[in-house]
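Student: There's a structure below that I have some questions on.
Each value in this text was obtained by applying a stated rule to the coordinates, not by laboratory testing. Nothing here was measured: the structure is a model prediction, and the numbers come from that model. All Cβ positions, even for glycine, are placed from backbone atoms using ideal geometry, and neighbour counts span all protein chains on display.
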Amino acid sequence: MTADLAYRTATDLAGLIRARTVSPVEVVQAYLARIDRWDGTLRAYVTVCRERALDEARAAEQALGHGAPVGPLHGVPFAVKDQFDTAGIRTTSGSRLHADRVPAEDATVVARLRAAGGILLGKLNLTEFALGGTLTYPFGQPRNPWDQTRETGGSSSGSGIAAAAALAAATLGEDTGGSVRSPASWCGAVGLRPTWGLVPRAGCVPVAWSMDAPGPLTRSVEDAALLLSIIAGPDGRDRWLQPARTDPRADLERGAGGLSIGVVTALVNSPDTDAEVRGAVRAAAETLRGLGGRVEDVDLPLLPIAGAVFMALADGEAAAWHHPTLAARGADYDPGTRRRLVTAALLPATLAQQAARARAAIRAQVWDALARYDVLLAPTGPTAAPPIAAAQAPIVSRAEAGRRFFNRRSYTTPASLAGVPALSLPCGFTVGGLPIGLQLIGRRFDEATLLRAARAYERATDWRARRPPLPG
Amino acid sequence: MTELTPDQVQALAAAAGLPLHDGDLAEVTHRLNAFVDVLGALAAIDLAAAEPAPAAPPDPGPAPR
């Protein structure tokens, strides 16, 4: 019973709570029970706000009893990546350096979810400072709910776990180069990176200013659209923000009929892409064709270098932010983070400028393709979740460094470099039972069409109904 | 650009005031040389018309308060 309630979508739960079929207290208790049962192993949470969440649930229940007007998330427990500031609750960014940092106010996105009636259940684990490559997690090694020897994807690791394993009704992550989409793919959730400039970054510890994009990780496309509708739009603190041009939920149930869909062959057919992943993504394209979409292959030849271009630029931005702390307290960083930041800090300026020019060329290819197609379709990553041990092995050659750090990032970073929205949702499972992620990429500020395509695919398949093997 | 040696990387890090700890030097050297390989190869691509600029909207709103 607890699991059945916990696996309901946030949209369902909000409806059940409004109808007083279930109480917010019952819902919060259901998630706390699952956290107690599973989080000692999965390590999705850095901080669980147990008493505060129960207090807020009781208040939410009373408000319903008084007939007070309620928001769209009234009584629904959510959790956020520990990169988002929360007033009075420590915000660690997954680092020992911020282990005792307690912000005075909520990040804009947290404040908006709470104003919509959501109940903050806790803060979610991540790779240190939302950079990938953490070797030793100070708040516990995140583990994939489908196979606990496997990686979760990052940097929004806990957000992916909590969404997929029903340790929260919905979660929030932050995507710089794939940090929402990768954990969504490997954990079997829906993850949405919004258009850069749509969702406020205020109160979010930065990774790379020119690419950071807060976004939801959920168990359904409808929930991703709901959360986006709550968190999007200017907040007066970020001059690059623009209002949403349409309600992201506007076209959710319109189906795929008439949509033009470009299959990104540079990624689908890449030798780095596992055969099982390629097969699942090609099958997804056929499903969308069967739903009335016009599906064609599209050639974007620069995309395979996107991972290296992204790391040269985003890591450079991150290194600039971290430089004073890195110089003074380098030993307090995880070695994986420190090596990544030092590398970026030492990259010759001429190469960084070449990367900036390559970014412009990649962006032009993506934008030109999106002038011809409503959405682009690709794998979210080249493989399903790899073993945790593989990511912790030492780097012993430049060729291996390239393979480990650049190649897989070329799948998610084109959207980041181009500033366009992208979404990952489950499109199958490997023979070993690991989720495979389908990535859809849309036009700037046209999340409505992106979510429409994703919802049409989700509705036509039953991948969403599968649950990780977590009894009880 | 040619391959960077560990000694050169050590000197660069010292000049930048950045610490290298146990195991860092070899890995940072491999990582930097991987960048040199991939980004150096961009010289073969015609990027003459590619003006580097952030993916920002052309019409920023008012200054933050």
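Student: Which percent, to the nearest 5, of DSSP beta bridges fully inside chain A are antiparallel? Don't skip to the answer; put the middle values down first.
Tutor: Details: 29 of 45 bridges.
Bridges in chain A that DSSP calls antiparallel: roughly 65 percent.
Student: Residues with beta-carbon under 12 Å from that of A:Asp12, excluding A:Asp12: net charge, scoring Lys, Arg +1 and Asp, Glu -1?
Tutor: Numbers: positive: A:Arg8, A:Arg18, A:Arg219; negative: A:Asp4, A:Glu222, A:Asp223.
Residues near A:Asp12 contribute 0 overall.
Student: Return A:Ser210, A:Ser156, A:Ser397 ranked ascending by Cβ neighbour count within 10 Å, so the fewest neighbours appear first. Spell out each step's value before the answer.
Tutor: On the way: A:Ser210 19, A:Ser156 39, A:Ser397 12.
The most exposed by this proxy come first: A:Ser397, A:Ser210, A:Ser156.
Student: Right, another one. For the stretch A:97-227, with only Lys/Arg (+1) and Asp/Glu (-1) charged at the beta-carbon, what is the dipole magnitude about the Cα centre, in debye rounded to 20? Kindly include the intermediate steps, with their values, before the conclusion.
Tutor: Values: 10 positive and 11 negative charges, 21 e Å.
Value, rounded to 20: 100 debye.
Student: Right, something else. Kirkwood Rh, Cα Rg: Rg to Rh for the stretch A:330-416?
Tutor: On the way: Rg = 16.3 Å, Rh = 15.8 Å.
Looking at the stretch A:330-416, the ratio lands at 1.03.
Student: Rounded to the nearest 5, what % of DSSP beta bridges with both residues in the stretch A:74-220 are antiparallel? Intermediate values should be presented prior to the final figure.
Tutor: Numbers: 10 of 18 bridges.
If we restrict to bridges inside the stretch A:74-220, about 55 percent are antiparallel.
Student: Next question, about the same structure. With each run of n ≥ 4 DSSP H residues scored as -39500 (n - 2.57), what mean residue ellipticity at 222 nm is computed for chain A after dividing by its residue count and rounding to the nearest 500 deg cm²/dmol? Walk me through the numbers on the way to the answer.
Tutor: Numbers: 17 runs with 193 residues, N = 472.
Roughly -12500 deg cm²/dmol at 222 nm, from the helical runs in chain A.
Student: Which of the chymotrypsin sites (Phe, Trp or Tyr not before Pro) found in the stretch A:276-371 are in a DSSP loop and have at most 11 neighbouring Cβ atoms, other than their own, within 10 Å?
Tutor: Working: sites: A:Phe310, A:Trp321, A:Tyr333, A:Trp367; in loops: A:Tyr333.
Those that pass, being in a loop and sparsely packed, number zero.
Student: For a quick check: sort A:His98, B:His30 by the number of other beta carbons within 10 angstrom, fewest at the front.
Tutor: Values: A:His98 19, B:His30 25.
By the 10 Å Cβ count, ascending, the order reads A:His98, B:His30.
Student: For the stretch A:381-405 and the stretch A:231-253, what is the centre-to-centre distance using only Cα atoms, to the nearest Å?
Tutor: Using only Cα atoms, the two centres lie 36 Å from each other.
Student: Where the centre of each part is set by its Cα atoms, how far does the stretch A:431-450 sit from the stretch A:87-153, in angstrom?
Tutor: 23
Student: Taking loop as defined by DSSP and a crowding limit of 16 other beta carbons within 10 Å, which trypsin sites (Lys or Arg not before Pro) in the stretch A:85-138 fit? Walk me through the numbers on the way to the answer.
Tutor: Details: sites: A:Arg90, A:Arg96, A:Arg101, A:Arg112, A:Arg114, A:Lys123; in loops: A:Arg90, A:Arg101.
Within the stretch A:85-138, the qualifying trypsin sites (Lys or Arg not before Pro) (loop, at most 16 other Cβ atoms within 10 Å) are A:Arg90, A:Arg101.
Student: Follow-up question, since we're still on this one. What does the charge count near A:Ala306 come to, summing +1 for each Lys or Arg and -1 for each Asp or Glu among other residues with Cβ under 13 Å from its Cβ? Each step should come with its number before you reach the end.
Tutor: Values: positive: A:Arg359, A:Arg363, A:Arg408, A:Arg409; negative: A:Asp272.
Taking every other residue near A:Ala306 into account, the sum is +3.
Student: I need the phi-derived Karplus couplings for the stretch A:263-272: 6.51 cos²θ - 1.76 cosθ + 1.60, θ = phi - 60°, integer Hz, Gly and Pro marked x.
Tutor: Coupling constants for the stretch A:263-272: 8, 7, 5, 4, 9, 4, 8, 4, x, 6 Hz.
Student: Counting pairs of alpha carbon atoms under 8 Å apart in space and at least six apart in sequence, what relative contact order in percent does chain A give?
Tutor: Normalised by residue count, the contact order of chain A is 17 percent.
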